[in-house]
Amino acid sequence: MLQLGLPGRDAERSILAGRAGIAQLNQLQPVVAPGDLPTVFAHVAAIRACDSIIEYVLSLIEATRELDPSIWLSVRVSQTLLGVARGQAFMSRRDYVAPEDVQKSTLAVLAHRLPRSIEHTAVRSVLEQVPVPVDAH
């Protein structure tokens, strides 16, 4: 999961002085042309997820649901988790989803879908308890 944290003192000073932050948005340069996005999306969608990875996603979602009977994680959450894992694989320049792609994606996908009573440590324990597929490729 991407965690940015706080800027250092010098960076914060630049933001406060108007030399960084929103004032710098007009200096951003695109990294991909808008017309290329459909191609990128198609490549991500084509990333293979073998049966053991799909079962892994299902097991993680099921185990998370069991943390609290009030948790409602729909099929769309499973689809989103697998989709984000495909994106992780794409960024790692692989044509298949590996278990670590699912693991890296789980907290980010589930964080805003779980009640505050479910701590991130509970989701981490799910990640530790659910067996990781060894034959995924």
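The values are calculated or read from the model by the stated rules, or taken from the named source; none is laboratory data. Not measured: the values here are computed from a predicted model. Every residue, glycine among them, receives a Cβ derived from its backbone with ideal geometry; neighbour counts consider all protein chains shown.
Condition first: out of contact with any strand residue (DSSP E or B) (no Cβ under 7 Å at 6 or more places or on another chain) and surrounded by fewer than 18 Cβ atoms within 10 Å (Cβ to Cβ). Now tell me which residues in the range 88-97 satisfy that.
91, 92, 93, 94
For the range 109-130: of the residues being part of a helix (DSSP H, G or I) and free of Cβ contacts under 8 Å to residues at least 40 places away in the same chain, which is nearest to the chain's Cα centre (by Cα)?
Residues of the range 109-130 that are part of a helix (DSSP H, G or I), as a first pass: 109-110, 120-129.
From the residues that got through so far, the ones that are free of Cβ contacts under 8 Å to residues at least 40 places away in the same chain too are 109, 120-121, 124-125, 128.
Numbers: 109: 5, 120: 14, 121: 17, 124: 14, 125: 17, 128: 17 Å.
Top of the filtered list is 109.
Among the listed residues 80, 106, which satisfies the condition of being of a type in the set (S, T, N, Q), part of a helix (DSSP H, G or I) and in contact (Cβ under 8 Å) with a residue 40 or more places away in the chain?
106
Determine whether the range 108-124 contains at least one residue that is surrounded by 11 or more Cβ atoms within 10 Å (Cβ to Cβ) and hydroxyl-bearing (Ser, Thr, Tyr).
No; the residues of the range 108-124 include none that is surrounded by 11 or more Cβ atoms within 10 Å (Cβ to Cβ) and hydroxyl-bearing (Ser, Thr, Tyr).
Any idea how many residues of the range 86-103 are in contact (Cβ under 8 Å) with a residue 24 or more places away in the chain and either under 14 Å from the mean Cα position of the chain (by Cα) or part of a loop (DSSP other than H, G, I, E, B) (or both)? Break it down stepwise before answering.
Step one: of the range 86-103, the residues in contact (Cβ under 8 Å) with a residue 24 or more places away in the chain are 86-87, 89-90, 94-99, 102-103.
Filter again for either under 14 Å from the mean Cα position of the chain (by Cα) or part of a loop (DSSP other than H, G, I, E, B) (or both), leaving 86-87, 89-90, 94-95, 97-99, 102-103.
Within the range 86-103, residues that are in contact (Cβ under 8 Å) with a residue 24 or more places away in the chain and either under 14 Å from the mean Cα position of the chain (by Cα) or part of a loop (DSSP other than H, G, I, E, B) (or both) number 11.
Within the range 48-74, work out how many residues are surrounded by 16 or more Cβ atoms within 10 Å (Cβ to Cβ), farther than 26 Å from residue 94 by Cβ and touching a Pro at 6+ places or on another chain (Cβ under 8 Å).
The total comes to 1.
Have a look at 5, 35 and point out the one that is modelled with pLDDT under 95, outside any helix (DSSP H, G or I) and out of contact with any Asp or Glu (no Cβ under 8 Å at 6 or more places or on another chain).
Criteria check complete, one pass: 5.
Six or more apart or on different chains, Cβ atoms under 7 Å: show the pairs whose first residue is in the range 40-65 and in a helix (DSSP H, G or I) and whose second is among the aromatic types (Phe, Trp, Tyr) and crowded, with 16+ Cβ neighbours inside 10 Å.
Listed pairs, sorted by first residue: 43/90; 44/90.
Listed here are the residues, each with its yes/no results for (1) hydroxyl-bearing (Ser, Thr, Tyr); (2) modelled with pLDDT of 95 or more.
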| site | (1), (2) |
| --- | --- |
| 41 | no, no |
| 59 | yes, yes |
| 66 | no, no |
| 72 | no, no |
| 79 | no, yes |
| 87 | no, yes |
| 94 | no, yes |
| 99 | no, yes |
